[in-house]
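The values are calculated or read from the model by the stated rules, or taken from the named source; none is laboratory data. This is a predicted model, so every value here is computed, not measured. When we count neighbours, we look across all protein chains shown, and the Cβ atoms used for this are built from the backbone with ideal geometry, even at glycine.
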Amino acid sequence: MELTGAEIFVRSLQDEGVDIIFGYPGGAVLHIYDALYRQDKIQHILTRHEQGATHAADGYARSTGRPGVVIVTSGPGATNAVTGIATAYMDSIPLVVFTGQVPTHLIGNDAFQEADNIGITRPCVKHNFLVKDVRDLAETIKKAFYVATTGRPGPVVVDIPKDITAEKTEFHYPDKVSMRSYNPVHVGHAGQIKRAIKLMLDARRPMIYTGGGVILGNAAGSLTSLAQLLDYPVTNTLMGLGAYPATDRQFVGMLGMHGTYEANMAMHHCDVLIAIGARFDDRVTGNIEKFCPNAKIVHVDIDPSSISKNVKVDVPIVGCVDNVLKAMVKLIKGSKQRPDEAAIKEWWRQIEDWRSKDCLKYDHDSELIKPQHVLESLYKVTNGDAFVTSDVGQHQMWAAQFYKFDKPRRWINSGGLGTMGFGLPAAMGVQLAYPDATVVCVTGEGSIQMCIQELSTCKQYALPLKIVNLNNGCLGMVRQWQEFFYQGRYAMSYMESLPDFVKLAESYGHVGMQIDKPGDVESALKEAMAIKDQLVFMDFITDPAENVYPMIPAGGGQNEMILI
Amino acid sequence: MRHIISILMENEAGALSRVAGLFSARGYNIESLTVAPTEDPSLSRMTLVTRGTDEIIEQITKQLNKLVDVVKLMDMTEGPHIEREMMLAKVRAEGDMREELKRVSDIFRGRIIDVTDKTYTIELTGAGDKLDAFLQALDQGLIIEVVRSGVSGIARGERALRL
Ligand SMILES: Cc1cc2nc3c(=O)[nH]c(=O)nc-3n(C[C@H](O)[C@H](O)[C@H](O)COP(=O)(O)OP(=O)(O)OC[C@H]3O[C@@H](n4cnc5c(N)ncnc54)[C@H](O)[C@@H]3O)c2cc1C
Ligand SMILES: Cc1ncc(C[n+]2csc(CCOP(=O)(O)OP(=O)(O)O)c2C)c(N)n1
Ligand SMILES: [Mg+2]
């Protein structure tokens with residue numbers, strides 16, 4: 001039987017196993033919306049802005065490991081989605097984004113709501129496709145999912161002209177596709193793995209530095225086996241938190257600009273660095289000239305272009321983290337050589353010494369609420385077992401420092417692009433994936449206002465999020481830099497005319513709370529968490545002068561942190 | 001160092017802009033870029049000439065390989081290879097200059113392919129530096145117009161860029 005392009009679209013997604021799709025309708029996608037209306041296998045979530053739709057799909061993808069799916073209309077629908085696409089691209093998150101397009105015969109005509117979606121998204125997608133014939137539609141959709149989810153994951157855009165969705169053809173959804181131009185690597189080179197192991201076992205001051213790749217590659221278990229087999233210290237990037245249990249003794253905290261003193265000092269002094277699924281970002285390395293001056297470096301990554309991009313490495317291993325880590329564990333278990341016990345013991349003594357500086361300490365006697373105190377309490381009240389999304393700014397760094405993630409896919413934030421506005425819609429995607437879980441969005445009064453309209457979506461779909469707004473009345477991260485590096489000239493970093501967040505939440509039909517005394521923090525959090533069936537917006541009025549410590553200043557090496 | 005990179009890519013609309021976009025987005029320079037379909041019409045072959053340190057060239061080839069439309073590529077400069085570029089030069093050719101221009105053209109193995117009473121159009125093929133040398137050998141005032149095809153390259157011997 002012949003189906004229309006719109007029906008083929010819906011059937012393809014069903015066959016692909018898609019259960020939820022985030023989007024916003026418009027002229028170019030009306031046939032598709034009509035086909036969605038006439039089925040009940042895929043739930044469509046109507047956000048209030050296309051940026052919200054892409055972030056929600058992104059939150060769904062980060063928390064589940066399955067691709068997030070989005071549909072938006074042509075022109076402004078597609079351009080509104082770009083921020084979300086770029087956010088997913090920078091953090092290698094699998095999304096498939098369908099954009100409506102004007103009918104084929106009008107393309108290039110400056111037609112109503114026409115934009116060059118392929119051209120606009122090209123620099124921020126893993127790949128994109130324009131469907132030019134309805135007979136190619138099903139296979140293109142299959143390819144889009146294949147490319148988005150394999151190798152180094154990333155967003156893929158499929159641009160579908162309106163006439164294609166009305167034309168008819170036979171439907172067949174392929175089980176598999178192969179593309180001669182796209183063949184991601186899986187297993188690492190055996191010889192390279194052997195060389196790496198030799199280095200690792202000879203190390204006297206080893207350091208394991210892991211990133212988002214361990215989470216994307218579902219390798220937290222193998223990472224933990226490897227690290228514990230060797231008793232080596234582990235640090236995670238902002239994107240890698242949860243890949244190794246944060247409450248374990250071997251975990252030395254996050255590294256980088258706002259990482260811990262012990263993690264950065266251990267990086268600086270290590271003699272063998274084992275980098276796994278991490279990309280030597282400038283927020284991590286600090287001044288590249290001063291980075292790990294005495295280390296031999298092993299780097300495992302699925303993307304050859306991540307290797308030796310910023311830092312030249314000694315043993316590159318291209319492959320899927322999980323495979324490579326499992327191979328390493330097996331080889332080490334089979335080897336007669338063991339790490340040098342005395343040297344490793346001495347190394348741990350040194351690390352404990354750095355750790356004893358207690359670099360995350362803060363003032364516990366303040367009259368004002370300290371943001372760190374809110375996050376410590378949040379960790380306690382949720383038993384460390386919540387999904388936590390965040391926006392971008394100081395609150396994000398404090399959440400990363402003070403919420404100890406023991407499991408992967410629990411910490412959901414925009415690291416690469418640093419997109420304010422990400423937190424709330426991402427939390428919606430997480431809650432939809434895990435309806436019974438506690439999902440907390442840690443945000444600031446600046447960031448939350450960038451996608452605040454999504455509070456309406458939360459009402460429509462009864463999403464009981466817990467929003468922790470660390471309201472310092474300023475764009476704190478900007479203010480901090482202005483205090484440190486611009487002699488306190490606070491250009492545009494104060495927010496005037498903030499809304500009454502309690503009333504705002506209430507007007508959307510949610511519960512609002514304002515907390516301004518340190519003594520009330522924990523009880524307010526408990527009260528909010530006890531409300532299982534409603535969204536609670538907690539507006540914590542925090543100390544506006546608080547800064548994120550420790551910090552590697554611009555141009556500094558990892559051993560040059562500013563401590564409080 | 002100067003590198004000649006040859007790329008086989010899917011002959012899809014937009015494939016060229018993916019390569020050009022990659023170079024501008026990442027700040028790599030392109031000296032020349034040529035593209036045409038191959039004997040297999042589903043593939044096109046692109047030749048690009050770029051400059052950079054070894055690290056930059058390594059990143060360029062990795063980033064090119066990462067493009068989903070790129071099937072295969074080869075850095076010609078890594079082995080013995082032949083480089084050719086075609087040039088058409090229109091020059092003012094009057095009076096005794098006509099003889100002189102013919103002689104210079106012959107020395108460079110050029111061919112005069114169009115003649116008027118005031119001009120010659122000379123066709124010349126060779127490596128880029130030979131074409132440069134030819135232009136330098138001419139009196140600059142005589143050059144009316146020059147068009148160059150951009151570089152193509154092929155490896156010597158058995159080495160080949162094919163599927
Ligand atoms: C305000 C702010 C402050 C920040 N401060 C810090 C900071 O102090 N410290 C910090 O760490 N970050 C910080 N960041 C985040 C930083 O910008 C980067 O996003 C982050 O450091 C990158 O993490 P990553 O190296 O783990 O790479 P990711 O972006 O997570 O990249 C993952 C890597 O793994 C590879 N990979 C993917 N899948 C696989 C697989 N299956 N097998 C093998 N490899 C795979 C990819 O190719 C890629 O190279 C900050 C961000 C913001 C917004
Ligand atoms: C969309 C966007 N615009 C601008 C920035 C730059 N920026 C980074 S942090 C920040 C301040 C965030 O303020 P707030 O949400 O109140 O968080 P705080 O730092 O105060 O905790 C700004 C403006 C950004 N990251 N994203
Ligand atoms: Mg703020």
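Of all residues in segment B:21-36, which are more than 10 Å from every other protein chain (Cβ to nearest Cβ) and either of a type outside the set (F, W, Y) or touching a strand residue (DSSP E or B) at 6+ places or on another chain (Cβ under 7 Å) (or both)? Before the answer, list the steps.
Here is the first cut: in segment B:21-36, the residues more than 10 Å from every other protein chain (Cβ to nearest Cβ) are B:23, B:27-36.
Of everything in segment B:21-36, those that are more than 10 Å from every other protein chain (Cβ to nearest Cβ) and either of a type outside the set (F, W, Y) or touching a strand residue (DSSP E or B) at 6+ places or on another chain (Cβ under 7 Å) (or both) turn out to be B:G27, B:Y28, B:N29, B:I30, B:E31, B:S32, B:L33, B:T34, B:V35, B:A36.
I'm trying to understand the selection: among the residues of segment A:201-245, which are basic (K, R) and surrounded by 24 or more Cβ atoms within 10 Å (Cβ to Cβ)?
Once the filter is applied, which keeps residues that are basic (K, R) and surrounded by 24 or more Cβ atoms within 10 Å (Cβ to Cβ), segment A:201-245 yields nothing.
Counting only residues that are more than 14 Å from every other protein chain (Cβ to nearest Cβ) and assigned to a helix (DSSP H, G or I), which one in segment A:300-325 is farthest from ligand 3 (Cβ to nearest atom)?
The qualifying residue farthest from ligand 3 (Cβ to nearest atom) is A:N323.
For the condition within 28 Å of the chain's Cα centre (by Cα) and either closer than 21 Å to A:Q396 by Cα or within 13 Å of ligand 3 (Cβ to nearest atom) (or both), what is the one hit in A:L525, A:L504?
Within the list A:L525, A:L504, the selection yields A:L525.
I'd like to check which helices (runs of 4 or more DSSP H) are fully inside segment A:1-88 and have at least 3 residues that are more than 22 Å from A:T121 (Cβ to Cβ).
So the answer is A:5-16, A:30-37.
Please determine whether any residue of segment A:160-177 is assigned to a helix (DSSP H, G or I), within 25 Å of A:S335 (Cβ to Cβ) and in contact (Cβ under 8 Å) with a residue 60 or more places away in the chain.
no
Mind telling me which of the residues B:A93, B:A160, B:A155 ends up being surrounded by fewer than 14 Cβ atoms within 10 Å (Cβ to Cβ) and either of a type in the set (G, A, S) or at pLDDT below 95 (or both)?
B:A160
Considering segment A:154-183 alone, what residues qualify as being more than 13 Å from every other protein chain (Cβ to nearest Cβ) and farther than 18 Å from A:G17 by Cα?
A:I160, A:P161, A:K162, A:D163, A:I164, A:T165, A:A166, A:E167, A:K168, A:T169, A:E170
So, in segment A:273-299, exactly how many residues are more than 14 Å from chain B (Cβ to nearest Cβ) and either among the hydrophobic types (A, V, I, L, M, F, W, C) or buried (at least 24 other Cβ atoms within 10 Å of the Cβ) (or both)?
Initially, segment A:273-299 is screened for residues more than 14 Å from chain B (Cβ to nearest Cβ), giving A:273-278, A:281-287, A:289-298.
Now restrict to residues that are either among the hydrophobic types (A, V, I, L, M, F, W, C) or buried (at least 24 other Cβ atoms within 10 Å of the Cβ) (or both): A:273-278, A:284, A:286, A:291-292, A:295, A:297-298.
Qualifying residue count for the region: 13.
Kindly check whether there is at least one residue in segment B:60-73 that is in contact with a strand residue (DSSP E or B) (Cβ under 8 Å, 6 or more places away or on another chain), within 12 Å of another protein chain (Cβ to nearest Cβ) and free of Cβ contacts under 8 Å to residues at least 12 places away in the same chain.
Scanning segment B:60-73 turns up at least one residue that is in contact with a strand residue (DSSP E or B) (Cβ under 8 Å, 6 or more places away or on another chain), within 12 Å of another protein chain (Cβ to nearest Cβ) and free of Cβ contacts under 8 Å to residues at least 12 places away in the same chain.
A:M513 fails exactly one of the following numbered conditions: (1) away from ligand 3 (no atom under 16 Å from the Cβ); (2) part of a helix (DSSP H, G or I); (3) buried (at least 18 other Cβ atoms within 10 Å of the Cβ). What is the number of that condition?
So A:M513 meets the others, but not (2).
Residues to consider are A:L463, A:L455; find the one that is more than 15 Å from ligand 2 (Cβ to nearest atom), touching a Phe, Trp or Tyr at 6+ places or on another chain (Cβ under 7 Å) and modelled with pLDDT of 95 or more.
Step by step, each of A:L463, A:L455 is checked, and only A:L455 is more than 15 Å from ligand 2 (Cβ to nearest atom), touching a Phe, Trp or Tyr at 6+ places or on another chain (Cβ under 7 Å) and modelled with pLDDT of 95 or more.
Of the conditions (1) more than 16 Å from A:A545 (Cβ to Cβ); (2) within 16 Å of ligand 1 (Cβ to nearest atom); (3) surrounded by 21 or more Cβ atoms within 10 Å (Cβ to Cβ), A:F485 satisfies every one except a single condition; which number is it?
All conditions pass for A:F485, except number (3).
Would it be correct to say that A:R338 is more than 21 Å from the chain's Cα centre (by Cα), more than 16 Å from ligand 1 (Cβ to nearest atom) and in a loop (DSSP other than H, G, I, E, B)?
yes
For every residue, the table says whether it meets (1) within 13 Å of chain B (Cβ to nearest Cβ); (2) in contact (Cβ under 8 Å) with a residue 12 or more places away in the chain; (3) among the hydroxyl-bearing types (S, T, Y).
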{"position": "A:D110", "(1), (2), (3)": "no, no, no"}
{"position": "A:E114", "(1), (2), (3)": "no, yes, no"}
{"position": "A:I120", "(1), (2), (3)": "yes, yes, no"}
{"position": "A:P123", "(1), (2), (3)": "yes, no, no"}
{"position": "A:H127", "(1), (2), (3)": "yes, yes, no"}
{"position": "A:D133", "(1), (2), (3)": "yes, yes, no"}
{"position": "A:D136", "(1), (2), (3)": "yes, no, no"}
{"position": "A:T150", "(1), (2), (3)": "yes, yes, yes"}
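If you scan segment A:466-499, which residues turn out to be within 13 Å of ligand 2 (Cβ to nearest atom) and among the basic types (K, R)?
Matches in segment A:466-499: A:R479 only.
Consider A:S390 against the criteria (1) buried (at least 24 other Cβ atoms within 10 Å of the Cβ); (2) small (G, A, S); (3) within 17 Å of A:D281 (Cβ to Cβ): it satisfies all of them except one. Which criterion is unmet?
Among (1) buried (at least 24 other Cβ atoms within 10 Å of the Cβ); (2) small (G, A, S); (3) within 17 Å of A:D281 (Cβ to Cβ), the lone unmet condition for A:S390 is (3).
Just wondering, is there one or more residues in segment A:318-340 that are touching a residue at least 12 places away in the same chain (Cβ under 8 Å) and within 26 Å of A:Y549 (Cα to Cα)?
no
Given the conditions (1) out of contact with any Phe, Trp or Tyr (no Cβ under 8 Å at 6 or more places or on another chain); (2) closer than 24 Å to A:G17 by Cα; (3) of a type in the set (A, V, I, L, M, F, W, C), which single one is not true for A:A144?
(1)
Provide a single number: the residues in segment B:37-59 that are of a type in the set (S, T, Y) and at the interface with chain A (Cβ under 10 Å from one of its Cβ atoms).
Counting residues in segment B:37-59 that are of a type in the set (S, T, Y) and at the interface with chain A (Cβ under 10 Å from one of its Cβ atoms) gives 1.
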